[in-house]
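Colleague: Have a look at this one.
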Amino acid sequence: METNPETAANSFLQKQTRYKKYNEERKAKAVLFNTNQSNLLLKVIPFLLHSNYPDLPGFIDDADCPYGIHLFNPTAEFSHELFRRYFPNSTAMRTDRPSPFTNKPCIHSLKTIGSIGTIAQSTISDCDYWVSMYKKELGEKGRQLLQAKCRAIEEWTLKRGAEVHFFLMDIDQTRENNFESETDEESAGSAIKLLLKDELFRTHILVAGKMLLWWLIPPGLTEGEYRNFVQNIVLRNQLRANNFIDLGYLSDIPKAEIFGACLWQMNKALDSPFKSVIKLAYLELLLHVDTTTLPLFSDRVKCMVTYPEKLPAAEQGVMNLAEIDPYLLLARDIIAFYTQEKAAYKRASLIRECLFLKAFEGFDSKKYNKFGQTDPRKTTMDIMQNWHLLPEKFSHFLQFRDWKYKELITFGAEVHAYLIETYKRLRGIFKSFSNDTGLTITERDISVLGRKLFTFYEQKEDKIDYIRSVSRDLMAQHHITIHITKYEGVFHYYAFQGQHDHQTVKNNMDSVIKREDNLVRLIVWLLINGILAAKTQLHLTKNFLPIDLVDIQKLTELLLKTFPLIHFSHISPANLLKRETVLRALAIVNFDKTPVKGAKTLKSTMITENSYGEYFIQEYTTAIQLKNAMRNLLTQHYVSRWNNNLEIFIPPQDEQSYIKALIEG
């Protein structure tokens, strides 16, 4: 620590200058990736949080609603041109109207956490913001009003094509590593307390407000030394304390936290496996450290940005601020770890492939080929090549969007096999010392996260299994062809990748996605696994059944409306802690249009979705069986047409009215 106050103040000023330059470089990367998206994330959103005006998004009609960001200058940060582009009809900036701004801002710091402004950012990346405030300043009503304002802005940005999430984080609680707050609904806060803080420190972009004091505190201190350091620099007026927020310090991470983090990453992998592969690998790297506490990767980033003098001599001056990318640095360390042993070399290859796919996830290959725009793909590939992070067959992975379905499934199986094997290895390592250290994850969160894993991997009677895909959001096909054949009196239904006719399907058997002996079951399986989506064009080859393409299209539209694609991270923890219950159902009656008038048989299929995120499909052969099933749904789960959570689909046919009367009678 500097002893001369003037020298120390100059040193802090230099470090602030380096940090601000680094922060601007991170913002510049986001702009280079997508100008419109970065304007929304880094300029429009802070402006909306700083203002409260009737014709602006996020307006809360309550005089007690807190808003505003400390140190934010709206006229300097949000240009008149941008204001007019986004809010052409707003009167908020007219001088003859009340000011939309406040003299008592409540948000001390607004930061992104995660991939924005790094190589891992993609066009489908959501953006998480930490809104640092003091609960004691807001009070419970104020906190609820600010939360409502944030939700209104989330809804507005979603309509503009950007998914954002705000987490209101109390500064005092964060300093004490207490994350019981708004993070719990999605992230099971007890599972990743210190790792979450480590991720915030190493990945955040300061969007608006006060800088984290953490950047100015030397790495390697103990908790006590950190508190003394902060107290001394404040007492000696070596910096303006009001210009910073103190979110506390991390000296290390107890290994006991890793088990909860493993569970959490396995859960995140159900929606986004590429990033989770990298993070699980990071956890494995950490657990191979001999001590009971773990080194911080955030300290590595801090050294490069504000404490370069703390780097090993060989690393000083090697990298400029523009080159510092938290995800690349992490990937480089992980691959170096895995390439130490021959047995782990295959894992290093998979890490490279997942990093590459994460970096190129959502890229439109045609977007940057006109108007002389810079193609961020080339920039990204150049960086990865320089860091020896390109996969061996990177050209093949560049064509990921055009892969055959079987290639997607094969690679998805490799990814999930790695995740499961790594989880087992880490669990084994953890058991070797868990008796000494104790779990940091709560029983509640173990139950929540464990339930999600069972939902995805567990097989049950009548359950529609989830495929172990690379990413369910990326599995949607542009074209699917349904092909129907009859062999030894039994009909078989095929789903082919692409557009085909009755002749071409015979020469494209490698494009088969799935074969079923029930058409409804096939369509439902495709939809539940994200292969059949709203954008998918369906085709039907020539056949001799009364079913036509319009029937399949109408059924698909109703299925998509009734059962939106599930994201496991969005399943309510409260639901997972209760007994499972059916949320909604769809009955499909006589889809193959078999004559039924006067007959005892009536084929039908019931699809149900439960509160755990599982889907079940059951088939009935009589009207009585179907009516009994609907009666059970009503009495046991309150699912019925009157409660608007039961749909009945009867395709157009001569006996449609008779069938409807038969069911309702």
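Colleague: Being within 33 Å of the chain's Cα centre (by Cα) and among the small types (G, A, S) is the filter; apply it to the range 600-639 and report the residue that is farthest from K578 (Cα to Cα).
Modeller: Within the range 600-639, the match that is farthest from K578 (Cα to Cα) is G613.
Colleague: Checking the condition surrounded by fewer than 15 Cβ atoms within 10 Å (Cβ to Cβ), more than 36 Å from the chain's Cα centre (by Cα) and assigned to a loop (DSSP other than H, G, I, E, B), which residue from K597, K593 passes? Steps first, please.
Modeller: On the way: K593 fails: surrounded by fewer than 15 Cβ atoms within 10 Å (Cβ to Cβ).
Of K597, K593, the one residue that is surrounded by fewer than 15 Cβ atoms within 10 Å (Cβ to Cβ), more than 36 Å from the chain's Cα centre (by Cα) and assigned to a loop (DSSP other than H, G, I, E, B) is K597.
Colleague: So which residues in the range 115-161 are closer than 17 Å to A30 by Cα, of a type outside the set (S, T, Y) and in contact with a helix residue (DSSP H, G or I) (Cβ under 6 Å, 6 or more places away or on another chain)?
Modeller: Listed by number, the residues that qualify are I116, G117, I119, A120, Q121, C127.
Colleague: Looking at the range 636-657, which of its residues are assigned to a helix (DSSP H, G or I), in contact (Cβ under 8 Å) with a residue 12 or more places away in the chain and surrounded by fewer than 13 Cβ atoms within 10 Å (Cβ to Cβ)?
Modeller: First pass over the range 636-657, keeping only residues assigned to a helix (DSSP H, G or I): 636-637, 656-657.
Right, trim to in contact (Cβ under 8 Å) with a residue 12 or more places away in the chain and you get 636-637.
Answer for the range 636-657, where residues must be assigned to a helix (DSSP H, G or I), in contact (Cβ under 8 Å) with a residue 12 or more places away in the chain and surrounded by fewer than 13 Cβ atoms within 10 Å (Cβ to Cβ): just Q636.
Colleague: Please find, among H492, H416, H478, the residue that is modelled with pLDDT of 85 or more, more than 17 Å from D271 (Cβ to Cβ) and surrounded by 14 or more Cβ atoms within 10 Å (Cβ to Cβ).
Modeller: Working: H416 fails: more than 17 Å from D271 (Cβ to Cβ); H478 fails: surrounded by 14 or more Cβ atoms within 10 Å (Cβ to Cβ).
On inspection, the qualifying residue turns out to be H492.
Colleague: Can you tell me which residue among D252, D246 is at pLDDT below 80 and either more than 30 Å from F568 (Cα to Cα) or more than 31 Å from the chain's Cα centre (by Cα) (or both)?
Modeller: Working: D246 fails: at pLDDT below 80.
Sole residue among the options that is at pLDDT below 80 and either more than 30 Å from F568 (Cα to Cα) or more than 31 Å from the chain's Cα centre (by Cα) (or both): D252.
Colleague: For the range 40-79, give me the residue count where each residue is in contact (Cβ under 8 Å) with a residue 40 or more places away in the chain and not in a loop (DSSP other than H, G, I, E, B).
Modeller: Qualifying residue count, the range 40-79: 11.
Colleague: Which condition number in (1) surrounded by fewer than 20 Cβ atoms within 10 Å (Cβ to Cβ); (2) on the phi > 0 side of the Ramachandran plot is the one that G58 fails?
Modeller: Condition (1) is where G58 drops out.
Colleague: Another question, if that's okay. I'd like the residue in the range 151-176 that is of a type in the set (F, W, Y) and part of a strand (DSSP E or B) and, out of all such residues, is nearest to T123 (Cα to Cα).
Modeller: Selected residue: F166.
Colleague: For the range 539-566, how many residues are surrounded by fewer than 16 Cβ atoms within 10 Å (Cβ to Cβ) and within 17 Å of A587 (Cα to Cα)?
Modeller: So the answer is 7.
Colleague: For the range 600-626, give me each residue that is polar (S, T, N, Q) and crowded, with 20+ Cβ neighbours inside 10 Å. Can you show your working first?
Modeller: First, the residues of the range 600-626 that are polar (S, T, N, Q): 601, 604-605, 608, 610-611, 618, 621-622, 625.
The answer is S604, T605, T608.
Colleague: Considering only the range 600-635, state which residues are under 22 Å from K554 (Cβ atoms) and assigned to a strand (DSSP E or B).
Modeller: S604, T605, M606, I607, T608, E609, Y615, I617, Q618, E619, Y620 - these are the residues of the range 600-635 that are under 22 Å from K554 (Cβ atoms) and assigned to a strand (DSSP E or B).
Colleague: State whether the residues of the range 567-576 include one that is at pLDDT 90 or above and either among the aliphatic types (A, V, I, L, M) or loosely packed, with under 15 Cβ neighbours inside 10 Å (or both).
Modeller: Initial filter on the range 567-576 (at pLDDT 90 or above): none.
No: zero hits.
Colleague: So for the range 126-140 (the condition being under 15 Å from L49 (Cβ atoms), of a type outside the set (D, E), touching a residue at least 24 places away in the same chain (Cβ under 8 Å) and not in a strand (DSSP E or B)), does at least one residue qualify? Don't jump to the end; show me each part of the working.
Modeller: Just the residues of the range 126-140 that are under 15 Å from L49 (Cβ atoms), to begin with: 127-133, 138.
Now drop any that are not of a type outside the set (D, E), which leaves 127, 129-133, 138.
Now restrict to residues that are touching a residue at least 24 places away in the same chain (Cβ under 8 Å): 127, 129-133, 138.
When the remaining residues are screened for being not in a strand (DSSP E or B), the result is 138.
So far as the range 126-140 goes, yes, one or more of its residues are under 15 Å from L49 (Cβ atoms), of a type outside the set (D, E), touching a residue at least 24 places away in the same chain (Cβ under 8 Å) and not in a strand (DSSP E or B).
Colleague: Filter the range 527-539 for residues that are touching a helix residue (DSSP H, G or I) at 6+ places or on another chain (Cβ under 7 Å), aliphatic (A, V, I, L, M) and under 16 Å from K514 (Cβ atoms) and give the result.
Modeller: L527, L532, L538
Colleague: Can you name the strands (runs of 3 or more DSSP E) wholly within the range 462-580 that have at least 2 residues being aromatic (F, W, Y) and free of Cβ contacts under 8 Å to residues at least 40 places away in the same chain? Talk me through it step by step, then tell me what you get.
Modeller: Working: elements: 479-487, 490-497, 512-516, 537-540.
In the range 462-580, 490-497 are the strands (runs of 3 or more DSSP E) which contain 2 or more residues that are aromatic (F, W, Y) and free of Cβ contacts under 8 Å to residues at least 40 places away in the same chain.
Colleague: Looking for something surrounded by 21 or more Cβ atoms within 10 Å (Cβ to Cβ), within 26 Å of the chain's Cα centre (by Cα) and either under 23 Å from H70 (Cα atoms) or not hydroxyl-bearing (S, T, Y) (or both) - is there at least one such residue anywhere in the range 90-103?
Modeller: As a first pass, look at the range 90-103 and keep what is surrounded by 21 or more Cβ atoms within 10 Å (Cβ to Cβ): 100.
Then keep just the ones that are within 26 Å of the chain's Cα centre (by Cα); that gives none.
No: the range 90-103 contains no residue that is surrounded by 21 or more Cβ atoms within 10 Å (Cβ to Cβ), within 26 Å of the chain's Cα centre (by Cα) and either under 23 Å from H70 (Cα atoms) or not hydroxyl-bearing (S, T, Y) (or both).
Colleague: Is it true that some residue in the range 491-514 is closer than 27 Å to A585 by Cβ, β-branched (V, I, T) and within 35 Å of the chain's Cα centre (by Cα)?
Modeller: Yes; the residues of the range 491-514 include at least one that is closer than 27 Å to A585 by Cβ, β-branched (V, I, T) and within 35 Å of the chain's Cα centre (by Cα).
Colleague: Using beta carbons and a limit of 9 Å, which pairs, at least six apart or on different chains, have the first residue in the range 15-39 and farther than 18 Å from I113 by Cα and touching a residue at least 40 places away in the same chain (Cβ under 8 Å) and the second one outside any helix (DSSP H, G or I) and among the polar types (S, T, N, Q)?
Modeller: That search, which allows pairs on different chains as well, returns K15/T306; Q16/T306; R18/T306; L32/T374.
The values are calculated or read from the model by the stated rules, or taken from the named source; none is laboratory data. Remember, predicted model here, so these are calculated numbers, not experimental data. Virtual Cβ from ideal backbone geometry, glycine too; neighbours counted across all protein chains shown.
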